[in-house]
Amino acid sequence: MKLEAGRVAVITGGASGLGAAVARHMVAAGVTVALFDRNADLGTAAAAELGGSFHAVDVSDPSSVAAGMAEVTAQHGAIHILVNCAGIAPPAKTVSRGAPHDPEVFRTTIAVNLMGSFFCASQAAAQMVGQDPVTEDGERGVIVNTASVAAYEGQVGQVAYAASKGGIVGMTLPMARDLADKGVRVCTIAPGLFLTPLMRGLPQEVQDSLGGQVPFPSRLGDPAEYASLVGHICENAMLNGEVIRLDGAIRMAPR
């Protein structure tokens, strides 16, 4: 699917970090963007800057997602691309100082990262399958989910986060198979260490230390590099049902 004027992309977590980078990449190609986020101030400002729309959506709430998708189609007429970037990563061990993992923290992490990705993907796909194809192959839409290298090498204190991202990896192929006969492709990116707002909040020496753990290039990833891969997935029709690590060959240590 060529990124060009007339295409509409919904980007969750689009007000900052990886989502904002994807939005900028899409707009540079002529795509209209609709940003889903819970931060209304950041989201409104980002949408104004990009000439897109902002929708206050809690991805963990299917009713909120449905309302957001309805707003997008009413305003822009279609949804061709969904990029799921919304996520949280609260640290907690399975047992800490003799106390079990807070069940609400675990539940919320799964709800936002895994269930939120599914709610947005399934509802966007329901819109996509009713649209006319936009390529000779009969393609109607592209869904890109965001996992993490933690899905494979979760570190100490990442049990909830790793479980949520592992679930995203696990649903990629069956979702792609579910939607194959309807002309909707599904891929997932599993990024490593990227310079997101969370990373920017760390001291520079910590950022440098983390970047130095990446084999090559030995630095933190640029969100624009993540966005570039999203763009390539959209435009390469043979990428389907695949999880792509974007990590400079890092394999995370236990700590």
**Report entry** Single residue of the stretch 9-38 satisfying the filter (of a type outside the set (D, E, K, R), in contact with a strand residue (DSSP E or B) (Cβ under 9 Å, 6 or more places away or on another chain) and surrounded by fewer than 21 Cβ atoms within 10 Å (Cβ to Cβ)) that is farthest from Phe118 (Cα to Cα)
**Finding:** Val27
Report task. Could you check Gln204 against (1) modelled with pLDDT under 95; (2) closer than 21 Å to Thr146 by Cα; (3) not aliphatic (A, V, I, L, M) and say which number it fails? Result -> (2)
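With Ala121, Ala147, Ala162 as the choices, which residue is without any contact (Cβ under 8 Å) to a residue 24 or more places away in the chain and of a type outside the set (Asp, Glu)? Please lay out each step first, then the result.
Working: Ala121 fails: without any contact (Cβ under 8 Å) to a residue 24 or more places away in the chain; Ala147 fails: without any contact (Cβ under 8 Å) to a residue 24 or more places away in the chain.
Among Ala121, Ala147, Ala162, only Ala162 is without any contact (Cβ under 8 Å) to a residue 24 or more places away in the chain and of a type outside the set (Asp, Glu).
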Report task. Within the stretch 13-65, work out how many residues are among the hydroxyl-bearing types (Ser, Thr, Tyr), within 20 Å of Ala111 (Cα to Cα) and in contact with a Phe, Trp or Tyr (Cβ under 8 Å, 6 or more places away or on another chain). Result -> 1
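Can you work out which of the residues in the stretch 213-229 that are in contact with a Leu (Cβ under 9 Å, 6 or more places away or on another chain) and not in a loop (DSSP other than H, G, I, E, B) is nearest to Arg251 (Cα to Cα)? Spell out the reasoning first.
Let us first name the residues in the stretch 213-229 that are in contact with a Leu (Cβ under 9 Å, 6 or more places away or on another chain), namely 213-214, 219-223, 225-227, 229.
Filter once more, so that each one left must be not in a loop (DSSP other than H, G, I, E, B): 221, 223, 225-227, 229.
On the way: Gly221: 14, Pro223: 19, Glu225: 19, Tyr226: 18, Ala227: 22, Leu229: 20 Å.
Going through the qualifying residues, I end up with Gly221.
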Report task. Taking Phe119 as meeting all but one of (1) touching a helix residue (DSSP H, G or I) at 6+ places or on another chain (Cβ under 7 Å); (2) at positive phi; (3) of a type outside the set (S, T, N, Q), write down the number of the exception. Result -> (2)
Query - Qualifying positions in the stretch 152-185 - closer than 18 Å to Gly141 by Cβ and among the charged types (D, E, K, R) - result: Arg177, Asp178, Asp181, Lys182, Arg185
Query raised in the report: Counting only residues that are touching a residue at least 24 places away in the same chain (Cβ under 8 Å) and part of a strand (DSSP E or B), which one in the stretch 83-96 is surrounded by the fewest Cβ atoms within 10 Å (Cβ to Cβ)?
Result: Ala92
Report summary line: Selection from the stretch 64-96 of residues over 21 Å from Glu235 (Cα atoms), among the hydrophobic types (A, V, I, L, M, F, W, C) and within 19 Å of the chain's Cα centre (by Cα) yields Val65, Ala66, Met69, Val72, Ala86, Ile88, Ala89
Query raised in the report: touching a residue at least 24 places away in the same chain (Cβ under 8 Å) and among the acidic types (Asp, Glu), is that true of Asp37?
Result: yes
Query raised in the report: Any residue at all in the stretch 235-255 that is touching a residue at least 12 places away in the same chain (Cβ under 8 Å), within 21 Å of Gln123 (Cβ to Cβ) and not polar (S, T, N, Q)?
Result: yes
Report summary line: If we take the stretch 97-212, then helices (runs of 4 or more DSSP H) inside it with 3 or more residues that are surrounded by 22 or more Cβ atoms within 10 Å (Cβ to Cβ) and polar (S, T, N, Q) are none
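The values are calculated or read from the model by the stated rules, or taken from the named source; none is laboratory data. Owing to the predicted nature of the structure, the values given are computational and were not obtained by experimental measurement. Note that we place each Cβ from the backbone using ideal geometry, even for glycine, and neighbour counts take in every protein chain shown.
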